[in-house]
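The values are calculated or read from the model by the stated rules, or taken from the named source; none is laboratory data. This structure is a prediction, so every number in the text was calculated from the model and none was measured. Glycine gets a Cβ as well: all are built from the backbone with ideal geometry, and neighbour counts include every protein chain shown. When the accessible area is computed, the model is the full protein with side chains, heavy atoms only, and any ligands, DNA or RNA have been set aside. Shrake-Rupley method; radii C 1.70, N 1.55, O 1.52, S 1.80 Å.
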Amino acid sequence: MGGKILVGTSSWADPGFVKEWYPPKLAARERLPWYAQRFEYVELNSSFYAVPDRNTVHKWVKETPDGFVFDVKVHRLLSRHSAQIESLPPDLRDGAPTTGRGRVQLTGDLETALAQRLVEETAPLADAGKLGSYLVQLTPAFSPRHSLEELDNLIDVLKPHRVAVELRNRNWVSDKRREDTLRWFADRNVTFVEVDAPPDDHFSIMPSGLDAVTTDSLAYLRLHGRNSDGYLKGKSVAERFGWRYDDDELEEVAGRVAGLAERAGEVHVAFNNNRGDDAPTAAQRFRALLGQAPAGDEQLSL
């Protein structure tokens, strides 16, 4: 028997979902329960922009069935993206160093405090057995000019929970660096996030099909669509990640996922092709392909 495969999307509240996938006039408070009737898993995207409040997290726990799983994106500052001071919890803003443009400069103390706050506020998920992992989605600017050891403090704060790291600079897995990069993941028991991405060798697009499993407990695949021009030049999420996966492409992904499930106890498959209803529709079709379509749900043909 292979590892358990959980399929979902990289958000449940994307504007395109609201416009094209959820039933018309469905109240915002009803979206997560409706989503959780169709999937067993989701990425929490809002935590990339602000640390969620514990009371809100408690509500998410109550709105989802037993066994439902959330992967939590860490705050954008922790994943080395630009962040404005307003994105920090109010009590962490005082004394936080900023540039002249109001962008926060990450220090070791601020990293520790912000990561600890994220763990504290999302503790209801862990307490309910619904926390899958913390997802660190790095900026493409985090290149091998840096050292992966710069992430060690963040990893230490997030543990003992599972941590998954998505690199966004393909130079980390060039022929001469790949072995050292994957060793860093394996030595720290951190999940290397695999991707399905556009077929382009631009430095900001990670190669598809690497499928390195660096922990026994979790493998992770994020699907970004295959539109090279949109990914590199798009100004919006819809332009960058818009893609309708066809039957052959989903079959190809299923083969990769099956291989991952042979080497990890659990596989998370997150559709991030967020344009309109592209992601939830593809995820539902993929679940049907795996024989996971929930009872009573429409069987979407492949």
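Which residue out of 142, 203, 185 is farther than 19 Å from residue 267 by Cα, buried (at least 18 other Cβ atoms within 10 Å of the Cβ) and modelled with pLDDT of 95 or more? Write out each step before concluding.
Numbers: 203 fails: buried (at least 18 other Cβ atoms within 10 Å of the Cβ); 185 fails: farther than 19 Å from residue 267 by Cα.
Within the list 142, 203, 185, the selection yields 142.
The lone criterion from (1) more than 22 Å from residue 77 (Cα to Cα); (2) open to solvent by 50 Å² or more (accessible area, probe 1.4 Å); (3) acidic (Asp, Glu); (4) touching a helix residue (DSSP H, G or I) at 6+ places or on another chain (Cβ under 8 Å) left unmet by residue 175 is number (4).
Residue 159 meets the conditions (1) open to solvent by less than 40 Å² (accessible area, probe 1.4 Å); (2) closer than 20 Å to residue 71 by Cα in every case but one. The failed one is (1).
Among the residues examined, residue 11 qualifies as on the phi > 0 side of the Ramachandran plot, in contact (Cβ under 8 Å) with a residue 12 or more places away in the chain and of a type in the set (S, T, N, Q).
When residue 229 is tested against (1) farther than 16 Å from residue 17 by Cβ; (2) open to solvent by less than 30 Å² (accessible area, probe 1.4 Å), just one condition goes unmet, and that condition is (2).
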